[in-house]
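Peer 1: Next up is a structure, given as structure tokens.
The values are calculated or read from the model by the stated rules, or taken from the named source; none is laboratory data. Note that the coordinates shown come from a computational prediction; the quantities given were computed from them, not determined experimentally. Quick reminder, even Gly has a Cβ in these numbers, built from the backbone with ideal geometry, and neighbours come from all protein chains shown. Only protein heavy atoms, including side chains, enter the accessible area calculation; ligands, DNA and RNA are left aside. Shrake-Rupley method; radii C 1.70, N 1.55, O 1.52, S 1.80 Å.
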Amino acid sequence: MIITIGSTKGGVGKSSLTVNLAAELVRQGRRCIIVDADPTVTSQTWGRDRAEHSPELPHITVTEARGKIRAKLLDLEEAYGTVLVDVGGHDSQEFRQAGVTSDLLIVPVTTSQLDLDSLPKIEKLLEDFTTFNPELSVRGVFNRIETNPQSDGRLKEARAYVTSDFPQIPFYDAVLHDRKAYQDVMRVGRSVIEWTDYKAKAELQVLAKEINND
Ligand SMILES: Nc1ncnc2c1ncn2[C@@H]1O[C@H](COP(=O)(O)OP(=O)(O)O)[C@@H](O)[C@H]1O
Ligand SMILES: [Mg+2]
């Protein structure tokens, strides 16, 4: 299975979701590799930090890929079973090749209007992806939801908006909140499932369950 975590927007949590999800899938016993297809190499840096700072944890291979990555993704799927692809936050050759090769595309967004405004562009890309890859499933996920109770209303509003205006991008029920843990774990190559914030761990695992059901 090839899962791309993609968006035309940067800073929405693609790399964060990629590495956190990879660790959870590995914990579940799945063989899994991360393909870092973004020149900013956030996932790859995480992989290096994991080997250096957290060598006791299960090893997760992170490999770089650029340009025409389709053949590589298919080869890695053969070898590993599950491939998670972290693409850069813009319309790129890597994103397009991943889009026509993946089984599932997960699009993280925050509830900020700027992020939501990226959805029409993504919808347009999806038309191209699904022309060549009609089996592609696409799902959105809300990330960095504020933990204060007032944010509930904003989330409900955003959910209603995406449901009515972007029916091609059904969103997961599970959401990830804005938590320091997601930032802290990056520096040491860990996942929130391997950290001390149990709320972060629980919500990531709830999301992973929903993803597994796709
Ligand atoms: N749920 C979250 N809570 C707090 N910080 C987050 C969360 N998700 C991502 N971040 C932080 O936001 C920044 C951008 O995330 P990143 O995964 O690098 O985005 P992208 O790959 O889409 O550019 C990083 O500093 C990351 O640690
Ligand atoms: Mg990134």
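Peer 1: Report the residue count in region 1-40 for those that are closer than 15 Å to Tyr80 by Cβ, over 12 Å from the mean Cα position of the chain (by Cα) and either assigned to a loop (DSSP other than H, G, I, E, B) or within 11 Å of ligand 1 (Cβ to nearest atom) (or both).
Peer 2: 5
Peer 1: Still on this model: So which of Gln183, Gln205 ends up being in contact (Cβ under 8 Å) with a residue 40 or more places away in the chain, open to solvent by 40 Å² or more (accessible area, probe 1.4 Å) and polar (S, T, N, Q)?
Peer 2: Going through Gln183, Gln205 in turn, the sole match is Gln205.
Peer 1: Inspect all residues belonging to region 70-88 and state whether any of them is open to solvent by 20 Å² or more (accessible area, probe 1.4 Å) and within 15 Å of ligand 2 (Cβ to nearest atom).
Peer 2: Within region 70-88 (the criterion being open to solvent by 20 Å² or more (accessible area, probe 1.4 Å) and within 15 Å of ligand 2 (Cβ to nearest atom)), the answer is no, since none of the residues qualifies.
Peer 1: Can you tell me which residue among Leu105, Leu125, Leu73 is at pLDDT 95 or above, within 16 Å of Ala37 (Cβ to Cβ), assigned to a strand (DSSP E or B) and of a type outside the set (Ser, Thr, Tyr)?
Peer 2: On the way: Leu125 fails: assigned to a strand (DSSP E or B); Leu73 fails: assigned to a strand (DSSP E or B).
Residue meeting the stated conditions: Leu105.
Peer 1: If you don't mind, there's one more thing I want to ask. How many of the residues in region 41-69 are within 16 Å of Arg187 (Cβ to Cβ), in a loop (DSSP other than H, G, I, E, B) and open to solvent by 20 Å² or more (accessible area, probe 1.4 Å)?
Peer 2: 3
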